[in-house]
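Enquirer: One structure is given below, represented as C-alpha cells, and several questions about it will come after.
Laboratory data are not the source of any read-out in this text; all were calculated from the coordinates shown. Remember, predicted model here, so these are calculated numbers, not experimental data. Glycine gets a Cβ as well: all are built from the backbone with ideal geometry, and neighbour counts include every protein chain shown.
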Amino acid sequence: MNNNKNLIIFLLAVVLFLIFFDVGFPFEEPGIDYSDSSNKLVDIIPVGIPEVYGSELSLSYDDVSPLDPSGADRAINRMAELDMQIELEGENLERYVSILYEKEGGISCEYCCGARSIIFENGEPACGCAHSFAMRGIAKYLITEHGNEMSDEDILKEVGKWKVLFFPEIHQQKAYALEEEGLSADYITLTTNTYRGIEDGSQGGMVGGC
C-alpha cells in the first residue's frame with residue numbers, strides 16, 4: 001500500500017514539475033523552436049478517397065504518404081500512366097491548357113523543378129518529373145471522364161490536392177504564410193503560381209521520386 005502511495009506522489013510531482021517549469025513534451029521535435037511562427041503548421045493535407053474518381057481509379061489521398069514511399073510511388077505511377085494513355089484534342093485540349101497553364105498563372109511541380117507550369121502553352125509536357133506526370137494524368141482523366149460535372153476550378157483543385165501531398169511540409173508552411181497575409185489557403189491559391197514564393201526561405205521534403 002505504501003509503495004502505491006509513494007508512486008502516486010512521485011507521478012504527481014513529475015506532472016507539477018512539467019507544468020511549472022514548462023518542460024517540452026515528447027512529441028515536440030528536439031531542436032525546433034515552436035515559438036517561431038515559421039515552424040507553425042497548417043493542416044491542409046487531404047485524406048480519404050476522392051469523391052468523384054477515387055473508386056474508379058483505386059486511388060486514395062492516403063496512398064501518398066512520407067511514411068510509405070513505395071505506396072506513394074505506386075499511386076504516382078498509376079496517375080502518370082493516365083498522362084501517357086490519354087490524348088487530348090479540340091475543346092478538351094483547350095480546356096486542359098486553360099486549367100494547367102493559364103488559370104492563376106499556371107501550376108507546376110515547383111519544388112523539384114523550376115518550370116513555369118507542368119505544360120507548355122500548346123499543352124505539351126514542360127517537365128519530366130514523376131509529380132508532373134501524375135498531375136497531368138489526373139487533369140486529363142477528369143477532363144475526359146468527368147468534364148461535364150466538374151468545373152475548371154474543380155479540376156484544378158484536385159490537381160492541387162495531389163501537389164500538396166507530393167510536397168506536404170512546404171505547403172503547410174506556405175498555407176501559414178498566406179494566412180499571415182490575410183489570404184485564403186484554399187488548394188487553388190496554395191498550389192498555383194499566383195503567390196508562388198510567398199513562403200520564401202521555408203524548406204520541406206517531397207513524397208515520391210522526382
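Enquirer: What is the order of ASP152, ASP200, fewest Cβ neighbours within 10 Å to most?
Expert: Numbers: ASP152 16, ASP200 8.
Going from least to most buried by this count: ASP200, ASP152.
Enquirer: Residues with amide H under 5 Å of ILE119's amide H, sequence separation 5 or more or different chain, H placed in the peptide plane at 1.01 Å from N; which?
Expert: ALA126
Enquirer: Same structure again: Order of GLU89, GLU81 from fewest to most other C-beta atoms within 10 Å?
Expert: Taking fewest neighbouring Cβ atoms as first place, the list is GLU89, GLU81.
Enquirer: May I ask you to give the average projected area over all directions of the convex hull of the Cα atoms of segment 54-191, in nm² rounded to one decimal?
Expert: Values: hull surface 32.5 nm².
With every direction weighted equally, the projected area is 8.1 nm².
Enquirer: What's the exposure ranking of LYS161, LYS103, going from fewest to most Cβ atoms within 10 Å? Intermediate results must be reported in sequence, preceding the final value.
Expert: Values: LYS161 21, LYS103 18.
Ascending number of Cβ neighbours within 10 Å: LYS103, LYS161.
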